[in-house]
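Working notes for the structure below.
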Amino acid sequence: AISSKLHFSGSHDLSVELLGRSLSEQSPAVEFTTEFIGSLGGLMALARGEADLAGSHLWDEETRTYNVAYVQRVLPNRQMVLLSLVERVQGLIVPEGNPAGLNSLADLGRPDVVFVNRQPGSGTRVWLDVMLKAAGVDTESVAGYTEEEATHLGVARAVAEGRATVGLGISAAATAYNLGFVPVGRERYDLVIPLEKWDLPPLLTLRSVVASQPFRDVVTALGGYDTSNTGREIRLG
């Protein structure tokens, strides 16, 4: 078999790591490499031709949709396919038992709370900023707002080590460190794939893994994921 490479750039999600693992088990000839540089970074890597696919969960306030507006902005006049990977729960990652009694994003402004953030351009950060604005919380009043981690697991680790009292991330990251989790919203995580690559052999293989029941089962087992729309396609351009 001819080996083929697939390079992924974009937002960090545990389901992407599982996808890479499932792919290598099912089709060792496909070499799947990942670079977690945030949702926006992934779209920009696609625009520069440095990635075969990207992972994104960018919420657009104006259109009230995930990813579509951003893909059209960063990749205008390009034919793209959004392949739904997972829907996931975002929430507050807190120490076990939630000793500070945090239950909403508005609580991040409390003086006794130290937050750990994600990097600008990450979908979680974009979503957080929209939600803080809606809750009337000034980012200046959030202690630790400028402390940044590049992954959900990094955020969970900061809370586990006591460097922060709370972070925002996915429940699977909280579970990984035996931390508490307070759900605050759901979001859609898509794979963004240029149409010209859609039917290439390595992508056909990847698409068959995404559509498979075993893949859905391992993702669901992580907790905090909904795979009922996994494999759905939205075509743009």
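Find the helices (runs of 4 or more DSSP H) located wholly in segment 1-107 whose residues include 2 or more that are at pLDDT below 95 and either of a type in the set (Asp, Glu) or more than 17 Å from the chain's Cα centre (by Cα) (or both), and list them. Spell out how you get there, then give the answer.
On the way: elements: 14-26, 39-47, 68-74.
Once the helices (runs of 4 or more DSSP H) in segment 1-107 are filtered for at least 2 residues that are at pLDDT below 95 and either of a type in the set (Asp, Glu) or more than 17 Å from the chain's Cα centre (by Cα) (or both), what remains is 14-26.
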Wholly enclosed strands (runs of 3 or more DSSP E) of segment 142-237 bearing at least 3 residues crowded, with 23+ Cβ neighbours inside 10 Å: 166-170, 180-194
Top-ranked residue of segment 64-74 - restricted to ones that are among the polar types (S, T, N, Q) and open to solvent by 30 Å² or more (accessible area, probe 1.4 Å), ranked as nearest to SER228 (Cα to Cα): THR65
Search result, residues across segment 75-87 that are open to solvent by less than 40 Å² (accessible area, probe 1.4 Å) and touching a helix residue (DSSP H, G or I) at 6+ places or on another chain (Cβ under 8 Å): LEU75, MET80, VAL81, LEU82, LEU83, LEU85, VAL86
Selection within segment 113-136 - at negative phi, part of a loop (DSSP other than H, G, I, E, B) and under 16 Å from the mean Cα position of the chain (by Cα): GLN119, PRO120, SER122
Matching residues in segment 90-105 - criterion: being surrounded by fewer than 20 Cβ atoms within 10 Å (Cβ to Cβ) and under 20 Å from LEU18 (Cβ atoms): none
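The values are calculated or read from the model by the stated rules, or taken from the named source; none is laboratory data. None of the values given here were measured: they were computed from a predicted structure. Using ideal geometry, Cβ is built from the backbone for each residue, glycine included, and neighbour counts are taken over all protein chains shown. Heavy atoms of the whole protein, side chains included, go into the accessibility calculation; ligands, DNA and RNA do not. Shrake-Rupley method; radii C 1.70, N 1.55, O 1.52, S 1.80 Å.
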